[in-house]
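Below is one structure; the comments refer to it alone.
Nothing in this text is a laboratory measurement; each read-out follows from the coordinates by a stated rule. Here the structure is a predicted model, which means the values were calculated and not measured. In this analysis, Cβ positions are derived from the backbone assuming ideal geometry, glycine residues included, and neighbour counts consider all displayed protein chains.
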Amino acid sequence: MMRSVGTLTRADLAETINRKMGFSRAESLEMVEAILGKMSDALARGENVKISGFGSFVLRDKNERIGRNPKTGVEVPITPRRVMTFRSSQLLKERIAKG
């Protein structure tokens, strides 16, 4: 059974930019923050974010609906909200499948 080995962090991304591009550590972290900030701002405006060859962060508005408390069985309204999902690209799916 395969399992996750660790977690990639902002610092790891910055370290990669530092090594591969030669920017200082501070500049590399600033670049990572700028990219994540741009993505977050777009999502906050209601835009989807698509990174070719990687995947898409897709927003969906869910209407109010009736849910049920699993312990008590009591029906309760679930308020309308926006949710985000990630859809990986075919290329990423293939890379992940290979392990």
Subject >> Difference of contour (0.36 nm per residue) and Cα-Cα distance, Met39 to Ser89 >> reply: 16.3 nm
**OP:** Only loop residues by DSSP count here, and only those with at most 12 other Cβ atoms within 10 Å; note down the trypsin sites (Lys or Arg not before Pro) in region 8-99 that meet that.
**Re:** Arg45, Lys71
Original post:
Hey, got the Cα dimensions of the chain along the principal axes, in Å, largest first?
Top reply: 58, 39, 26
Original post:
In what sequence do Ile17, Ile51 fall when counting other Cβ within 10 Å, fewest first?
Top reply: Ile51, Ile17
Subject >> Lysine pair count for the chain [Cα-Cα under 25 Å; pairs on different chains or 8 or more apart] >> reply: 9
Original post:
What are the principal axis extents of the Cα atoms in region 48-99, in Å, biggest first?
Top reply: 44, 25, 9
Original post:
What are the GluC sites (Glu not before Pro) within region 14-99 that DSSP puts in a loop, where the Cβ has at most 10 other Cβ atoms within 10 Å?
Top reply: Glu64
Original post:
Which one of Ala44, Ile78, Ile66 is farthest out on the positive end of the charge dipole of the chain, using unit charges on Cβ (Lys, Arg +1; Asp, Glu -1) and the Cα centre as origin?
Top reply: Ile66
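Please compute the net charge surrounding Arg81, taking Lys and Arg as +1 and Asp and Glu as -1 over other residues with Cβ under 15 Å from its Cβ. Walk me through the numbers before you get to the answer.
Working: positive: Arg60, Lys62, Arg65, Arg82; negative: Asp61, Glu64.
Counting the neighbours of Arg81, the net charge comes to +2.
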